[in-house]
Amino acid sequence: MKILLVCLGNICRSPMAEGILRHMIAEQGLDWRTDSAGTGDYHVGEQPDKRAMKTMRERGIDISDLRARHLRASDFEEFDLLVAMDANNLHNMRQVAPSHELAKKARLMMDYAPAHPLREVPDPYFGGDEGFVEVYEMLTVACRNLIDDVRR
Ligand code: 4NP
């Protein structure tokens, strides 16, 4: 199983989602692969945002090895599941997909957390540290359910 996490800049939400998901995958001893990418190219090559790394580190997960990259059409061939953080990301991802059929691999992260009041993972970039904690908590619930859903 290969899963790609996608947001806009690939420095806040999707690297946090990748860190949480790969941590859970390792805990469960699964032989799955993860990666993340952005629909925008403004931060290509950069490490995750310092606030994202700090929020994760304080919860025992190191994401300092991750580097931002731009989403590419071939990701729809390479990955089994591509997970968008918000509806705008999902829309932009579908434009990049090589075919209508492959575009069906793209899903919204919060569809895996139907009981949560929010349907999209809010962009924490222009806010303070609290936004990153909220993103961490939302992603923890959604990633746990995502793994259960795929394994079912
Ligand atoms: P992300 O957050 O999509 O969660 O990585 C953002 C990071 C950077 C920008 C926007 C969102 N930006 O406009 O530079």
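Of the residues N88, N92, which is out of contact with any strand residue (DSSP E or B) (no Cβ under 7 Å at 6 or more places or on another chain) and closer than 24 Å to V133 by Cα?
Just one listed residue meets the conditions, N88.
Would you confirm whether or not the range 105-127 contains a residue that is within 14 Å of the ligand (Cβ to nearest atom) and either of a type in the set (G, A, S) or in contact with a Pro (Cβ under 7 Å, 6 or more places away or on another chain) (or both)?
Taking every residue of the range 105-127 in turn, at least one turns out to be within 14 Å of the ligand (Cβ to nearest atom) and either of a type in the set (G, A, S) or in contact with a Pro (Cβ under 7 Å, 6 or more places away or on another chain) (or both).
Residues are listed down the side, and each one gets a yes or a no for (1) over 16 Å from P15 (Cα atoms); (2) modelled with pLDDT of 95 or more; (3) buried (at least 20 other Cβ atoms within 10 Å of the Cβ):
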{"site": "V44", "(1), (2), (3)": "no, yes, no"}
{"site": "Q47", "(1), (2), (3)": "no, yes, no"}
{"site": "N88", "(1), (2), (3)": "yes, yes, no"}
{"site": "A113", "(1), (2), (3)": "yes, yes, yes"}
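Residue-wise test of (1) free of Cβ contacts under 8 Å to residues at least 12 places away in the same chain; (2) of a type outside the set (S, T, Y); (3) touching a helix residue (DSSP H, G or I) at 6+ places or on another chain (Cβ under 8 Å); (4) near the ligand (Cβ under 8 Å from one of its atoms).
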| residue | (1), (2), (3), (4) |
| --- | --- |
| M1 | no, yes, yes, no |
| I11 | no, yes, yes, yes |
| A26 | yes, yes, no, no |
| A37 | no, yes, yes, no |
| V44 | no, yes, no, no |
| K50 | yes, yes, no, no |
| T55 | no, no, yes, no |
| I61 | no, yes, yes, no |
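Can you confirm whether the range 55-66 contains a residue that is crowded, with 21+ Cβ neighbours inside 10 Å, touching an Asp or Glu at 6+ places or on another chain (Cβ under 8 Å), part of a helix (DSSP H, G or I) and among the aliphatic types (A, V, I, L, M)?
The answer is yes; a qualifying residue exists.
Look at the range 67-85 and say how many of its residues are more than 13 Å from the ligand (Cβ to nearest atom), closer than 14 Å to Q95 by Cα and not hydroxyl-bearing (S, T, Y).
Here the count works out to 5.
Exactly one condition in (1) closer than 18 Å to C143 by Cβ; (2) loosely packed, with under 14 Cβ neighbours inside 10 Å; (3) among the charged types (D, E, K, R); (4) in contact (Cβ under 8 Å) with a residue 60 or more places away in the chain is not met by E78; state its number.
(1)
The values are calculated or read from the model by the stated rules, or taken from the named source; none is laboratory data. Every value quoted in this text rests on a predicted model; they were computed, and no experiment measured them. Every residue, glycine among them, receives a Cβ derived from its backbone with ideal geometry; neighbour counts consider all protein chains shown.
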